[in-house]
């Protein structure tokens, strides 16, 4: 007998926020690579991805409010966020990479540093570093840390 009741959220509040940040990066990546709008991507995630088991493993349920806020915030402020990221790269004397996944991580992190002043910046940066480590094994985490730190100083000083 299958239950029609929605599953209870899995994981602590902190784990749900981290899962939301990971899902937000994936959604923004999808927006960038498939030229989709935020609402269609969020609808797809809610319907097909969030709260679903993967290979029989129960996954942490992302904080839906945070996920939606980050994805729509990045989508709505894309130009300003890209400008902030480009400026941070220029201050570091580096050129901005074209890699869409890396850009997605930076866009989400920059948005949160800008919009979520009620959340400690080190927590935001740490979660996006964890996301970076999930996808990359080289120096990308150091790069993300440096760029988000530059943006944090510009926004929160």
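The values are calculated or read from the model by the stated rules, or taken from the named source; none is laboratory data. Remember, predicted model here, so these are calculated numbers, not experimental data. Ideal geometry is used to build each Cβ from the backbone, glycine not excepted, and the neighbour counts take in all protein chains shown.
Checking each residue in the range 110-128 for being within 12 Å of the chain's Cα centre (by Cα) and under 18 Å from residue 84 (Cα atoms) picks out 110, 111, 112, 113, 124, 125, 128. The set of residues from the range 112-155 being in a helix (DSSP H, G or I), closer than 22 Å to residue 76 by Cα and out of contact with any helix residue (DSSP H, G or I) (no Cβ under 6 Å at 6 or more places or on another chain) comprises just one member, 154. Among the residues of the range 83-98, not a single one is closer than 14 Å to residue 24 by Cβ and surrounded by 13 or more Cβ atoms within 10 Å (Cβ to Cβ). Only one entry in 41, 74 is at pLDDT 95 or above and either in contact with a helix residue (DSSP H, G or I) (Cβ under 6 Å, 6 or more places away or on another chain) or surrounded by fewer than 19 Cβ atoms within 10 Å (Cβ to Cβ) (or both), namely 74.
For the subset of the range 89-111 comprising residues that are part of a helix (DSSP H, G or I) and without any contact (Cβ under 8 Å) to a residue 60 or more places away in the chain, which member is farthest from residue 75 (Cα to Cα)? Before the answer, list the steps.
As a first pass, look at the range 89-111 and keep what is part of a helix (DSSP H, G or I): 89-91, 100-111.
Keeping just the survivors that are without any contact (Cβ under 8 Å) to a residue 60 or more places away in the chain gives 89-91, 102, 106, 109-111.
Working: 89: 21, 90: 23, 91: 25, 102: 16, 106: 13, 109: 13, 110: 12, 111: 10 Å.
The extreme case among them is 91.
Would you confirm whether or not the range 7-18 contains a residue that is modelled with pLDDT of 90 or more, assigned to a helix (DSSP H, G or I), under 21 Å from residue 125 (Cβ atoms) and in contact with a helix residue (DSSP H, G or I) (Cβ under 7 Å, 6 or more places away or on another chain)? Yes, that holds for at least one residue.
Residue by residue, here is whether (1) out of contact with any helix residue (DSSP H, G or I) (no Cβ under 6 Å at 6 or more places or on another chain); (2) part of a helix (DSSP H, G or I); (3) farther than 30 Å from residue 153 by Cβ; (4) at pLDDT below 85 holds:
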| position | (1), (2), (3), (4) |
| --- | --- |
| 5 | yes, no, yes, yes |
| 24 | no, yes, no, no |
| 28 | no, yes, no, no |
| 46 | yes, yes, yes, yes |
| 52 | yes, no, yes, yes |
| 60 | no, no, yes, yes |
| 69 | yes, yes, no, no |
| 80 | yes, yes, no, no |
